[in-house]
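A.B. asks: Dropping the structure in here first, questions after.
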Amino acid sequence: MKNKGIKYWLVLLSCCGLSASSVGIVMNTIGVFYTPVSTALGVSQGTFTLHATFCILATAFTVLIVPHIMKKIPLKLMVLIGVSLTSLATFAMGLSHHIVLFYILGIIRGIGAAMYGVIPVTIVINNWIYKQNGLATSIALCFSGVAGAILSPIFSSLIESVGWEYTYFIVGIISFTLVLPFLLLPFKEKPEDENRLPYMMDESLVNQIQFENEEVHFNLFQLKFILFFIVGILLNAVTGMGSHFPTYALSIGFDATLGSLMLSATMVGNIGFKFVIGVLSDMFGIVKAVYMMIIINIISLLMFIFLKNEIALLVASFLFGSIYSITAVGIAIMTRKFFGELNYSSAYANIQFGCNFGVAFAVSLIGFIYDFTTSYIMILIIALIIGVITIGLLNIIQKMKTV
């Protein structure tokens, strides 16, 4: 049976398109529409951005049932339905001039994004790539950040030149186009269905891996899963600090320009460390790679607390981007390690549900803590404590037997 060839990398590249569309466009470029659309509709930004909240919540709930949908219909059909819902909803936003319609379309957009987002992407990669799985996962998920970084300024320019309505049309078309390689490339969900082995897997390992997967028993109420669920929530909560960097810069006496540069530095770190964690995972194992990323994040938090010059803050912002490598890549690979291939889709769907709520909760909580204390020091200290706690929890989880 074949276990290498260009097809494996074509499958990976097609997964990059899914990541770029479902997360890169739907989630990471949505902010460019806040001001122009809210102004055109005559509503506050807070009122308009609720449609983004509804989108995220719809994604959170939908990921819970994605594994069940995958058992009922072919993977590519599910992806087609998902991208069609998202693209058509985005297109329809360009025709909408009432806030309620945006709320409804935001929900539809979120449902669609979940159906062709992180879960199907990581499942396909786990099925097709054995050797260098960590690097392959990081490459695919990294494209969500790449798409956000490249397309956000392009969409902003289009809004200024052709208006937000036509820009929504263009966004919808691009969202669908990025998924076409996945839909058109002839491949099965599992390489075994094409008389292939996963990339660089030796035939002697097949029975061993199947045995190991069958030995892993899983349910949502086992202590191992509960602890890992908590780890996912806590690490995703730390990411909430990133969106507050512009306000943080102002709070310590700098201007909004530095705050924007800090966000950009974090985005660069976001992309770069996703590659790094994949390489480290393949070299040392995913848990040690995550430990390294947490330590780098702790260093960034200490820099925020004790150093207050522009260069140090930009370096700290870049290093802070390491947290996104854990929440995007690390959590996915650790789920596979701790709960096995057979349980991956179910376990990861529930983890993602908790992670999404962790982010939503943290962003608001950080704002309230700042309002109460007029400082981000307590928030940074809490983030430091979370880093130490998660290292401890992961150490416990790694030593636990699955029951």
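The values are calculated or read from the model by the stated rules, or taken from the named source; none is laboratory data. Keep in mind it's a predicted model, so treat the numbers as computed, not measured. Here Cβ is always computed from backbone atoms with ideal geometry, including for glycine, and neighbour counts include all displayed protein chains. We work out accessible area using only protein heavy atoms, side chains counted, and drop any ligands, DNA or RNA first. Shrake-Rupley method; radii C 1.70, N 1.55, O 1.52, S 1.80 Å.
A.B. asks: Give the residue from ILE99, THR167, GLY240 lying farthest towards the positive end of the charge dipole for the stretch 97-253; charges sit on Cβ (+1 for Lys and Arg, -1 for Asp and Glu) and the dipole is referred to the Cα centre.
C.D. replies: The Cα lying farthest towards the positive end belongs to ILE99.
A.B. asks: Still on this structure: Residues in the stretch 259-297 near a label at SER251, defined as backbone nitrogen under 18 Å from the 7 Å Cα→Cβ point?
C.D. replies: 259-264, 266
A.B. asks: Related question: What does the charge add up to near GLU194, with Lys and Arg as +1, Asp and Glu as -1, over the other residues with Cβ less than 13 Å from its Cβ?
C.D. replies: +2
A.B. asks: What does the charge add up to near ILE123, with Lys and Arg as +1, Asp and Glu as -1, over the other residues with Cβ less than 13 Å from its Cβ?
C.D. replies: Net charge around ILE123: +3.
A.B. asks: Rank these residues by their accessible area, most exposed first, probe 1.4 Å: SER161, SER281.
C.D. replies: SER161, SER281
A.B. asks: Applying 1/(1 + (r/R0)^6) with R0 = 56 Å to the Cβ-Cβ distance of ASN309 and THR177, what FRET efficiency is obtained, to the nearest 0.05?
C.D. replies: 0.80
A.B. asks: Through the Karplus equation 6.51 cos²θ - 1.76 cosθ + 1.60, θ set to phi - 60°, convert the phi angles of the stretch 94-105 into ³J(HN,Hα) values in whole Hz; use x for Gly and Pro.
C.D. replies: Working through the residues one at a time gives x, 9, 9, 9, 9, 4, 4, 4, 5, 5, 5, 5 Hz.
A.B. asks: Another question, then. Below 26 Å Cα-Cα, how many Lys pairs turn up in the stretch 1-108? Only count pairs eight or more apart in sequence, or on different chains, if you could.
C.D. replies: The result is 4.
A.B. asks: Return the tail of the calculated pair distribution for the stretch 7-49, meaning the percent of Cα-Cα pairs more than 16 Å apart.
C.D. replies: Pairs farther apart than 16 Å: 53 percent.
A.B. asks: Expected output is a single nm value to one decimal: the length gained when fully extending between ILE81 and LEU13, i.e. 0.36 nm times separation in residues minus the C-alpha distance. What is it?
C.D. replies: Gain on stretching ILE81 to LEU13: 22.4 nm.
A.B. asks: Then there's this: Taking amide H atoms as placed 1.01 Å from N in the peptide plane, list the residues 5 or more away in sequence, or in a different chain, whose amide H sits under 5 Å from that of ILE129.
C.D. replies: TYR199
A.B. asks: Against the empirical 2.2 N^0.38 Å scaling, what ratio does the C-alpha Rg of the stretch 63-127 come to?
C.D. replies: Expressed relative to 2.2 N^0.38 Å, the Cα Rg reads 1.23.
A.B. asks: Related question: What does the extension gain come out to for ILE6 and ILE230, with contour length at 0.36 nm per residue minus their alpha carbon separation?
C.D. replies: Answer, rounded to one decimal: 76.7 nm.
A.B. asks: Also, I was wondering about something else. Just how many % of Cα pairs in the stretch 272-403 lie over 23 Å apart, if you round to the nearest whole percent?
C.D. replies: Result: 39 percent of Cα pairs exceed 23 Å.
A.B. asks: Report, as a whole number in µm² per second, the diffusion coefficient that Stokes-Einstein gives for the chain at 25 °C and 0.890 mPa s using the Kirkwood radius over alpha carbon pairs.
C.D. replies: 113 µm²/s
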